[in-house]
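J.: Dropping the structure in here first, questions after.
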Amino acid sequence: MAIPERFMTNDKGTFGEYTASSRWPIILQNTIDDLTTQQELEKSNTTKFEQAESIKTGLRQFRQDIIDRVRLRPFTEEEIKLANVPLSFNEYLKKHPEANWGDVEWLFSEVYLYRRINVLFQRESGWAEFDIFNRLKQSTFESSFHGVVELALRYENLLPQLKEIGQNSECNDEDLLKVLFKEFIEISLWGNATDLSLLTNATLEEIKSIQGAKARAESESKIVVNDTDEAWGVLTKAKANANGKQIRVDFVLDNSGFELYADLMLAAFLLQSGLATKCIFHAKDIPYMVSDVMLKDFDILVQDLRDRKFFPSGQPSTKESKALDFFAKEMDKFISNGKLEFREDSFWTTDLDYWNLDTKETKFHGSVLHKDLLSSNLVIFKGDLNYRKLTGDRKWPRTTKWETAIGPLATNGITSLSLRTCKADVQVGLPEGLDAKLSQEWEKENPGRGSWWCCSGKWAVICFCSGE
Ligand code: F6P
Ligand code: MG
């Protein structure tokens, strides 16, 4: 099968087109507003104040460029040096000199957008370390208080359950552990439904409604491809054959706040159950896609869990406060005994898709990461953007086999699992007829937009590949 083209920002009627024309200007406006808020708070520092003014001028101009569909320009030598911009961006633009905001590959232009924002901040010394999305990340995490407490209580309960399973000699132990495995995979999966970049118009109630056990139970029917059994098979086999050897699970992270918390829940479950002995979390090196995890976001999250003003669960003695403190302590423990490790790499914020996680990509760390990930028993790719990068964000027929859509990753030795709530046009791996059925269903409430069922975040996929 010929490899299809990638989605473009001018593909009529696609979510990509809508994102480029409507959502990006809003995201840019939000960054300007947030910077103004921060600038006001720090206005006694005149140098910083003026620097913020100049960043805002740059952001306003940039927003206008997007609206006016001007050409995407290469990064200058000065910008490359100043902000460590990977040269992949300019290499791409050399090959696509005509690319403009209204007619460019969606994946490239979206990734390029966050680089351009970052360069504006790197230019001003007082703001180089500032995460422009921090305020939004934090306020959304704060508003997920109920879901956070519910999961902390769930985790406290899990430990006696695991102990019981361990002590129970009945032969259904494996089945019980598998039920828990499924539950924690789904916690991590649906944690991805809280994508802050989609919250340009979501209400607080909507944020809350995608969390919580009831929602998860209802949501199982919404997982349209579900390879959980295969991932379970890999980890149970690894556990049975471990003989003291490490069982490593990697997470290529997506969003900060509730999703990171849900991922930590899954990691803690794997570590406590012996299905993994080490979890490595891969974070972004710049503020990215509004909500993505940077290294510092983990420390902030653990602090938030302990902060009773941030999460008002009452006195230290309430069961809610104890559960939050307990989970924070577990995190400290896993970090200090090396079972949980955070890493960052610029590869994750380049424009390169994950067909480049291969020996052949030698310029931007693709081959280095590929070599390292060969030592992992399972690499979990979280979220929608990672799914787009896995599939190249191409116009595959929706029944295309997963192994076809992920290219080299199907055979280059990495065992992978994609946990994605569907928020973009690309969709593969569906059985014949399902796309038409879901499109019809979505069309009823969203006339003219039936095929956007897979951009709504209401459905999800769990896709496994052995890499052999
Ligand atoms: O589809 C909307 C969108 O903002 C895309 O631009 C991007 O792929 C994705 O959502 C980000 O979602 P996630 O945080 O799940 O990767
Ligand atoms: Mg994200």
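The numbers here are math on the coordinates, done by the rules we state, and not lab data. The structure presented is a predicted model; accordingly, all values stated were derived computationally and were not measured. Methodologically, a virtual Cβ is constructed for each residue, glycine included, from the backbone with ideal geometry; neighbour enumeration extends over all protein chains shown.
J.: How big is the charge dipole of segment 74-117 about its Cα centre, in debye rounded to the nearest 20, if each Lys and Arg gets +1 on its Cβ and each Asp and Glu gets -1 on its Cβ?
T.: Roughly 120 debye, rounded to the nearest 20.
J.: FRET efficiency for Glu77 and Glu129, Cβ-Cβ distance as r, R0 = 22 Å, nearest 0.05?
T.: Using R0 = 22 Å, I get an efficiency of 0.40.
J.: Here's another thing I want to ask about it. Under unit Cβ charges (Lys, Arg +1; Asp, Glu -1), what dipole magnitude, rounded to 20 debye, does segment 371-452 have relative to its Cα centre?
T.: Numbers: 13 positive and 10 negative charges, 39 e Å.
For this selection, approximately 180 debye.
J.: Positive end of the charge dipole of the chain (Lys, Arg +1 and Asp, Glu -1 on Cβ, about the Cα centre): tell me which of Ile26, Phe75, Leu41 has its Cα farthest that way.
T.: Most positive-ward Cα: Phe75.
J.: Between Gln315 and Ser336, take the C-beta separation as r, use R0 = 22 Å, and let me know the FRET efficiency to the nearest 0.05.
T.: 0.20
J.: May I pose another question? Show me the ranking of peptides 253-264, 302-313, 104-115 by mean Cβ neighbours inside 10 Å, starting with the highest.
T.: Top to bottom by mean Cβ count within 10 Å: 253-264, 104-115, 302-313.
J.: Take the cross-link list Lys360/Lys389; Lys360/Lys395; Lys137/Lys182 and give me the ones stretching past 22 Å between alpha-carbons.
T.: Result: Lys360/Lys395; Lys137/Lys182 exceed 22 Å.
J.: Oh, and also: Mind putting a number on the dipole of segment 1-157 about its Cα centre? Charges go on the C-beta only, +1 for Lys and Arg and -1 for Asp and Glu, and I need it in Debye to the nearest 20. Please list the in-between numbers first.
T.: On the way: 20 positive and 25 negative charges, 51 e Å.
Dipole about the Cα centre, nearest 20: 240 debye.
J.: Rounded to the nearest 500, what is the chain's calculated 222 nm mean residue ellipticity when only DSSP H runs of at least 4 contribute -39500 (n - 2.57) each, over all residues?
T.: -15500 deg cm²/dmol
J.: Considering only DSSP beta bridges with both partners in the chain, what is the antiparallel share in %, to the nearest 5? Mind showing how you got there, number by number?
T.: Working: 11 of 33 bridges.
Looking only at bridges with both residues in the chain, the antiparallel portion is about 35 percent.
J.: Mind pulling up the Rg/Rh value for the chain? Radius of gyration and Kirkwood radius, both on Cα.
T.: 0.95
J.: Could I ask something else about it? Pairs Lys437/Lys458; Lys43/Lys309; Lys245/Lys382: which exceed 18 Å Cα-Cα?
T.: With Cα atoms farther than 18 Å apart: Lys43/Lys309; Lys245/Lys382.
J.: Considering the options Phe108, Leu162, Val426, tell which one lies farthest towards the positive end of the dipole of the chain, charges being +1 on Lys and Arg and -1 on Asp and Glu at the Cβ, about the Cα centre.
T.: Going by the charge dipole, the pick is Phe108.
J.: Now, a different point. Any idea what the alpha-carbon Rg over 2.2 N^0.38 Å comes to for segment 353-468?
T.: Scaled against compact globular proteins, the figure is 1.14.
J.: Considering the zone a paramagnetic label at Thr362 would reach in this model (a point 7 Å from Cα along the Cα-to-Cβ line), which residues of segment 409-432 have amide N under 20 Å from it?
T.: 409, 412-413
J.: Percent relative contact order of segment 351-468, based on C-alpha pairs within less than 8 angstrom and at least six residues apart?
T.: Rounded, it is 28 percent for segment 351-468.
J.: Between beta-carbons, use under 12 Å as the cut-off and find the net charge around Gln315, counting Lys and Arg +1, Asp and Glu -1. Each step should come with its number before you reach the end.
T.: Numbers: positive: Arg308, Lys319, Lys322; negative: Glu320, Asp325.
In short, +1.
J.: Residues with beta-carbon under 14 Å from that of Ser273, excluding Ser273: net charge, scoring Lys, Arg +1 and Asp, Glu -1?
T.: Residues near Ser273 contribute 0 overall.
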